[in-house]
Amino acid sequence: ALLIGGAAIVLNLPLGYAREGYRRFSLGWFVCVHLSIPLIAYLRLANHVSAWAIPAFIVCALLGQVAGGRVRRGRQARS
């Protein structure tokens, strides 16, 4: 479960970075927010991880999204 949580963070870093380039609630924004969900779900099911771990994976995905967005905002501020 820890590896899947780590994968959720790593997968969502570039997606959070990309998400910052889209207007909120646009199609591109929606895709960036949700693109990792099928892969994380597959990893959970393939490794027989209980559904009780889903909230933890959501938190990991959110952390990756936020961190990726902060990286992009930080780079733009320095430009």
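The values are calculated or read from the model by the stated rules, or taken from the named source; none is laboratory data. What you are looking at is a predicted structure, and each value in this text was computed from that prediction instead of being measured. Don't worry about glycine lacking a Cβ; one is built from the backbone with ideal geometry, like all the others, and counts go over all protein chains shown. These area figures cover heavy atoms from the full protein model, side chains too; ligands, DNA and RNA do not enter into them. Shrake-Rupley method; radii C 1.70, N 1.55, O 1.52, S 1.80 Å.
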Exercise. Within the accessible area of the chain, what % is carbon and sulfur when the probe is 1.4 Å and the other protein chains stay in place?
Worked result: 70
For this session: Report the convex hull volume per residue for the chain, counting only C-alpha atoms, in Å³.
Result: 76
Seminar exercise, completed: For 36, 79, the accessible-area ranking with a 1.4 Å probe, largest leading, is 79, 36
For this session: Specify the inter-centroid distance of the range 60-74 and the range 1-47, based on alpha-carbon positions, in whole Å.
Result: 11
Exercise. With each run of n ≥ 4 DSSP H residues scored as -39500 (n - 2.57), what mean residue ellipticity at 222 nm is computed for the chain after dividing by its residue count and rounding to the nearest 500 deg cm²/dmol?
Worked result: -25500 deg cm²/dmol
Exercise. What are the chymotrypsin sites (Phe, Trp or Tyr not before Pro) within the chain that DSSP puts in a loop, where the Cβ has at most 16 other Cβ atoms within 10 Å?
Worked result: 22, 25
For this session: Might you tell me the accessible area per residue for the chain, computed with a 1.4 Å probe and given in Å²?
Result: 70
Problem set entry | the range 10-79: relative contact order in percent, alpha carbon pairs under 8 Å with at least 6 residues between | 57
